[in-house]
Amino acid sequence: MSGNNCFEILEKIFKQKKEKPIEEIRGYSIKYGNIVDGKEIVDEVLVSYFKEPKSYTTENMCEINSHGGNIVVKKILELCLKNGAVLAEPGEFTKKAFLNGRIDLLQAEAVIDIINAKSEREAKTGIKQLEGYLSKEILDIKKEIMDVMVNLEVSIDYPEYDVEDVTKRQIREMLENIESRLKRLEKSFENGRIIKEGIKTAIIGKPNVGKSSLLNAILKEERAIVTEIEGTTRDTIEEFVIINGIPLKLIDTAGIRKAKDKVEKIGIDKSKEIASSADLVIAIIDSTRDICKEDRDILKIAKNKKSIIVLNKADLENKINENNEELQDISKHIVKISALKNEGIEDLYKEILEMFNINEINFDNDLIITNVRQKENISKAIKSVQKAKDVEIENVPFDIMAIFIKNIMEDLASITGEVVSEDIINEIFSRFCLGK
């Protein structure tokens, strides 16, 4: 519970083993006792006390740690509500922390990123943002602008002082520098998107070349049905797998060929649509057979995408290999595997990591944007910088220049939440679960 009356409500339902007035209980301390409903003991509990302003929300807070089980927890919750508490809305605790100035909007968004993290790297990126690394970068950029704005305001208010040339040079250097810093953050979003959403990977190929076997080999389980009958997979199968800390959203598609019935045609059309929107296409070729028309149709889909050609059935006698010129023309990333015997899968992982430069991302030191709202506001700030640069070149008066520079400051303030609409705040916190 959080709020001015939380201790009053707590005292109605919590009986300490060693009674102590709330005024004497220190924050960041735990008391042992019972939750009671009148004279009836509901559960034996530990209660943590947090006193304002040193709490998550900056308000008085308490946490009741009970035994597990739905019945006891539900009863304690009912007692809290019966004695004056109100159920929190999604994200309300973190929203209070933001509105009360304990954290900024970047840190608030980091909380939901950590909760929803699908990999260690995504969680690590969220923790860095929660600790304020990105907030500090934005603050440093704003400070650099403010240092120049001081001289700019002096030039406007006291034109008799001869600082115009110095100020113009400072403005030019400042705009160039912050544009570079903001572009570096904007560019990091592609890596951030991969960390957060995973690499959307379509596995395509003609029927019975080993698409489902490859999916099963990567997942290390029999997720897809594998038979000698062609066209077993009629719809897509989607699964997440973590490779070196990066999630791969694997999509096993229906075999692409001339459809034999309406249902198969729907599956094949869906396969082509997924491949066109995928971050990565894995095109599987049966290396025991010559390249046929169906293979070539599949290779056309892969040609203008980030793609890896997988030569499957490497454990058998091969008719084509990775030096095949027709394949080389489609992609330089060619891997030999045996999906059935789980051979060459690590080589495939290595190609994926190199293709997306995953190993070059420094998760300890690099600032990485994973949030679309943040990226859009950074892009907006870059446009404002570019407009300011344009008017600076045109030698407009300093008072006009000041307006454009203030626009940059407002864009930066919207990133951290200093200037943000109530609708955006509500939309962000609606994505949280209750009690966060």
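Here are the numbers for this structure:
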| item | result |
| --- | --- |
| Relative contact order (%) - the chain, alpha-carbon pairs under 8 angstrom, separation at least six | 16 percent |
| Longest DSSP-loop-exposure-free segment, chymotrypsin sites (Phe, Trp or Tyr not before Pro), the chain, at most 12 other Cβ within 10 Å | 162-436 |
| Cα shape, the range 299-357, gyration tensor, a/c 1.5 rule | oblate |
| Residues whose placed amide H lies under 5 Å from that of Glu52, excluding near-sequence neighbours | Asn60, Met61 |
| Interchain or long-range residues, amide H under 5 Å from Ile243's placed H | Leu248 |
| Selected from Glu78, Glu173, Glu23 as most flexible by GNM, with the chain as the system and alpha-carbon contacts under 10 Å | Glu23 |
| Residue-averaged 222 nm ellipticity for the chain, from DSSP H runs of 4+ at -39500 (n - 2.57), nearest 500 | -15500 deg cm²/dmol |
| Qualifying trypsin sites (Lys or Arg not before Pro) in the range 1-53, DSSP loop, other Cβ atoms within 10 Å at most 11 | Lys17, Lys18, Arg26, Lys39 |
| Spatially proximal aspartates and glutamates relative to Lys51 (Cα-Cα < 17 Å; intrachain offsets below 8 disregarded) | Glu8, Glu11, Glu23, Glu24, Glu59, Glu63 |
| Above-threshold pairs, the threshold being 26 Å between Cα atoms, out of Lys142/Lys380; Lys39/Lys82; Lys136/Lys380; Lys118/Lys206 | Lys118/Lys206 |
| Choice from Glu63, Glu179, Glu376 with maximal GNM fluctuation in the chain (Cα, 10 Å cutoff) | Glu63 |
| Nearest-20 debye value, the chain charge dipole, Cβ charges on Lys, Arg, Asp, Glu | 1460 debye |
| 5 angstrom amide H check on Phe14, placed H, neighbours 5+ away | Val36 |
| Calculated mean projected area of the Cα convex hull in nm² (choose from [x] 19.7; [y] 31.0; [z] 22.9), label | [y] |
| Mean Cα-pair separation over length for the range 6-87, i.e. relative contact order, pairs under 8 Å, 6 or more apart, % | 27 percent |
| Residue of Lys293, Lys375, Lys313 that the Gaussian network model of the chain assigns the largest fluctuation, springs spanning Cα pairs under 10 Å | Lys293 |
| Neighbour cut-off at most 15 other Cβ (10 Å), DSSP loop, trypsin sites (Lys or Arg not before Pro), the range 92-146 | none |
| FRET efficiency, 1/(1 + (r/R0)^6) with R0 22 Å, evaluated for Glu238 and Lys118 via beta carbons | 0.95 |
| Size of electric dipole in the range 6-87: Cβ of Lys, Arg +1 and of Asp, Glu -1, about Cα centre, debye, nearest 20 | 160 debye |
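Where a number appears in this text, it was derived from the coordinates with a stated rule and is not lab data. Worth saying up front: this structure is predicted, and the values here are computed from it rather than measured. Cβ: placed from backbone, ideal geometry, glycine included. Neighbour counts: every protein chain shown.
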